[in-house]
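Chemist: Handing you a structure now.
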Amino acid sequence: MNKFLLQLWLSVRIWLVAVAVNTLLGTGFLSDFKLHAVADLAIIGVCLGGFFSFPIMLVICLVINTCARADIAGMRLLKLLFITNIILATIAFMVFCGGFNIGKEMVVLLCTAIISGTVAIAIFYKSILKWGGDYNNTQQV
């Protein structure tokens, strides 16, 4: 299979997990962890989370592709993805909030977005490390 399609598939899987975790955590926070109106919040969370994080998925794919072609080490690729996640989640959150006027209670949603991306990247760390240039040169356990 085409290497780019495999990288895109990895990016899509990371994105889907991040949107799911963000929806669960964000819905829990916004509903005060009560079960009333959770379905509506979850649907809105999936739609908005998917919409605002879609460009992040494309950038993650670009980072993986660029690092794979440049034979960047797997751990460095993983670190770059974590840093990219933090920066782009913050930018997407600022766009979502309409600028820099962020209320104190909304900072929790920013943390939720960052944690969601971090969890998604951490779940697929083995797949990410395989795209590193040093994967075939390291001892496999």
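Chemist: Calculate the translational D of the stretch 35-89 in whole µm² s⁻¹ from Stokes-Einstein, where the hydrodynamic radius comes from the Kirkwood formula applied to all Cα pairs, the temperature is 10 °C and the viscosity 1.306 mPa s.
Modeler: Translational diffusion coefficient: 123 µm²/s.
Chemist: For the chain, what is the number of Lys pairs with C-alpha distance below 30 angstrom, counting only pairs 8 or more positions apart or on separate chains?
Modeler: Numbers: K3/K79; K3/K126; K3/K130; K34/K104; K79/K104; K79/K126; K79/K130.
Lysine pairs meeting the criterion: 7.
Chemist: Stretched out fully, how many nm does the piece from V38 to L16 gain, at 0.36 nm a residue minus the Cα gap? Walk me through the numbers on the way to the answer.
Modeler: Numbers: separation 22, 0.36 × 22 = 7.92 nm, distance 1.97 nm.
Stretched out fully, the V38 to L16 stretch lengthens by 6.0 nm.
Chemist: Describe numerically, in nm with one decimal, the distance between label points set 7 Å from Cα along Cα→Cβ at I123 and at V59.
Modeler: It is 2.1 nm.
Chemist: So for the chain, averaging the separation of alpha carbon pairs under 8 Å that are six or more residues apart and normalising by length, what relative contact order in percent results?
Modeler: Value for the chain: 36 percent.
Chemist: Which length gain, in nm to one decimal place, applies between S31 and C47 when the Cα-Cα distance is subtracted from 0.36 nm times their residue separation? Walk me through the intermediate numbers first.
Modeler: On the way: separation 16, 0.36 × 16 = 5.76 nm, distance 1.69 nm.
Working it through step by step, the gained length comes to 4.1 nm.
Chemist: Moving to a separate point now. Tell me, in nm to one decimal, what length is gained between I87 and K130 on full extension, where the rule is 0.36 nm per residue of separation less the Cα-Cα distance? Numbers along the way, then the final one.
Modeler: Details: separation 43, 0.36 × 43 = 15.48 nm, distance 2.37 nm.
This chain segment gains 13.1 nm when fully extended.
Chemist: Quote the charge dipole size of the stretch 3-134 about the Cα centre in Debye, to the nearest 20; the model charges only the Cβ of Lys and Arg (+1) and of Asp and Glu (-1).
Modeler: 400 debye
Chemist: Give the longest segment of the chain that steers clear of chymotrypsin sites (Phe, Trp or Tyr not before Pro) in DSSP loops with at most 15 neighbouring Cβ atoms within 10 Å, not counting the sites themselves.
Modeler: Values: sites that count: F33, F100.
Result for the longest clean stretch: 34-99.
Chemist: Using only the alpha-carbon atoms, what does the stretch 1-122 span along each of its principal axes? Please give whole angstrom values in decreasing order.
Modeler: So the three principal-axis extents are 48, 30, 22 Å.
Chemist: What number, rounded to the nearest 500 deg cm²/dmol, is the helix-based mean residue ellipticity at 222 nm of the chain, given -39500 (n - 2.57) per DSSP H run of at least four residues and division by all its residues?
Modeler: Working: 5 runs with 107 residues, N = 141.
-26500 deg cm²/dmol, from helical runs alone.
Chemist: I'd like to know how the stretch 1-67 sits against the 2.2 N^0.38 Å rule of thumb: what's its Cα Rg over that expected value? Numbers along the way, then the final one.
Modeler: Values: Rg = 14.6 Å, N = 67, 2.2 N^0.38 = 10.9 Å.
Normalised by 2.2 N^0.38 Å, the Cα Rg of the stretch 1-67 equals 1.35.
Chemist: Let me ask something else. In whole Å, what is the distance between the alpha-carbon centres of the stretch 15-71 and the stretch 113-129?
Modeler: First find each Cα centre; the distance between them is then 12 Å.
No value in this document is a laboratory result; all are computed from the given coordinates. Bear in mind that the values here come from a model prediction, so they are computed numbers and not experimental data. All Cβ positions, glycine included, derive from the backbone under ideal geometry; neighbour counts span all protein chains shown.
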